[in-house]
Amino acid sequence: MATEIIFDCDTGVDDAMAIMYGAGNGARFVACTVTHGNVPVHVGARNTLTILDAVGLTDVPVHQGAARPMAQPLLTAEFVHGHDGLGDAGHAPSQRSLAGTLAAAEIVRLARSRPGELTLVAVGPLTNIGLALLLEPELPRLIRRVVVMGGAAGVPGNASETGEANIWHDPEAAQLVLDAPWDLVLVGLEITMSTAMPAEVVARLEAVETPHGRMLWQSMQHYIDVYEPLVGMRTCVLHDPLAMALALEPDLATYRLARAGVELRGERTRGQVVADLRGFEPDPTDPLEPGVVRLVDTLDVEAFHEKFLRALGA
């Protein structure tokens, strides 16, 4: 049975990777909701339509959402994703129209209409999800599972010394999400940074001949340029696709439960996910305790890379 997904995104290059990974690995996209983050929300919404169209998902509605964080100024990351969010590769934008419902309201509507059926995958700042929780306090009971790409538990951040970008861009929303009593997997930098593609994987990706695979490879050039000096070779890290992968196939990884929260007040640590890593684990029979998350402990990186390549036609 296909996993039915609400995909909350801020579509830049790695969000595009995640959509293509899902399309090629059996995800059923019920809707995409878009927030600010990598690019302004209206740019991310158009990019989401463009990528969905490229993989033939022209019937998936895209709902525009939060244009800024809850309690701080808007910051975006075009220096990582290109001015257009898709690597400035010159892709023709979709001419399809956005759906009329605002993202947070649509998340609530879908959850109410299909209680216990939908998996929520969030790979951008968590503003839309935080707003949905404010609109519908029962949302955690209505959503089957939540997978968030965010956080840096015990490792350096990428938006600040300690903060991972998706959490750092809206810490208040992130705290609402971590506090909610639902089954939440937090896919943070402590595991995503292990997904840099080795040279042989990059070579297979470069040789892909499918139209959507070629499109993604072109978009990835700017992204790879950013990562090359960080990892010492011409490659990049697959942050958002990993969240999609673990939503579809949780058994690609192992997990541990931990209590976690978001630092909201520190002058240098605002936006940091602080997880209790001292070895004390909450009751594994009660993962819905507020403030408890599943952290990814180990990952079958080789299998993940293979599924990513096959989704692109390699």
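The values are calculated or read from the model by the stated rules, or taken from the named source; none is laboratory data. On a predicted model such as this, the values are computed, not experimentally measured, just so you know. All Cβ positions, glycine included, derive from the backbone under ideal geometry; neighbour counts span all protein chains shown.
Observations
- Looking at Leu216, Leu252, Leu248, Leu264, just one residue is surrounded by 23 or more Cβ atoms within 10 Å (Cβ to Cβ) and either modelled with pLDDT of 95 or more or out of contact with any strand residue (DSSP E or B) (no Cβ under 7 Å at 6 or more places or on another chain) (or both), and that residue is Leu216.
- Just one of the listed residues (Ala174, Ala152, Ala203, Ala243) is among the aliphatic types (A, V, I, L, M), in contact with a Gly (Cβ under 7 Å, 6 or more places away or on another chain) and either on the phi > 0 side of the Ramachandran plot or not in a loop (DSSP other than H, G, I, E, B) (or both), and it is Ala174.
- Total residues in segment 107-129 satisfying the condition of being surrounded by 23 or more Cβ atoms within 10 Å (Cβ to Cβ) and touching a Ser or Thr at 6+ places or on another chain (Cβ under 7 Å): the figure is 5.
- Of the criteria (1) out of contact with any Phe, Trp or Tyr (no Cβ under 9 Å at 6 or more places or on another chain); (2) closer than 25 Å to Leu118 by Cα; (3) in contact (Cβ under 8 Å) with a residue 12 or more places away in the chain, which one Arg204 fails: (2)
- Pairs are defined by a Cβ separation below 8 Å, a sequence spacing of at least 6 or placement on different chains, a first member in segment 213-231 that is within 20 Å of Asn158 (Cα to Cα), and a second member that is loosely packed, with under 15 Cβ neighbours inside 10 Å; the pairs so defined are Ile224/Arg234; Val226/Phe79; Glu228/Arg234.
- Residues satisfying the stated conditions in segment 142-155, i.e. in contact (Cβ under 8 Å) with a residue 40 or more places away in the chain, over 18 Å from Ala18 (Cα atoms) and surrounded by fewer than 24 Cβ atoms within 10 Å (Cβ to Cβ): Ala153, Gly154
- Scan segment 181-199 for residues that are in contact with a strand residue (DSSP E or B) (Cβ under 8 Å, 6 or more places away or on another chain), part of a loop (DSSP other than H, G, I, E, B) and either under 20 Å from Gly266 (Cα atoms) or among the small types (Gly, Ala, Ser) (or both) and the total you get is 1.
Residue-by-condition table, conditions (1) touching a helix residue (DSSP H, G or I) at 6+ places or on another chain (Cβ under 9 Å); (2) more than 29 Å from Leu52 (Cβ to Cβ); (3) not in a strand (DSSP E or B):
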| residue | (1), (2), (3) |
| --- | --- |
| Leu257 | no, yes, no |
| Ala260 | yes, yes, no |
| Thr269 | no, yes, yes |
| Asp283 | no, yes, yes |
| Pro290 | yes, yes, yes |
| His305 | yes, no, yes |
| Ala314 | yes, no, yes |
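- Residues of segment 79-117 that turn out to be part of a loop (DSSP other than H, G, I, E, B) and more than 16 Å from the chain's Cα centre (by Cα), as a count: 23
- Condition broken by Met1, with the remaining ones in (1) of a type in the set (A, V, I, L, M); (2) buried (at least 24 other Cβ atoms within 10 Å of the Cβ); (3) over 17 Å from the mean Cα position of the chain (by Cα) satisfied: (2)
- In segment 208-263, the residues that are among the β-branched types (Val, Ile, Thr) and in contact with a Pro (Cβ under 9 Å, 6 or more places away or on another chain): Thr235, Val262
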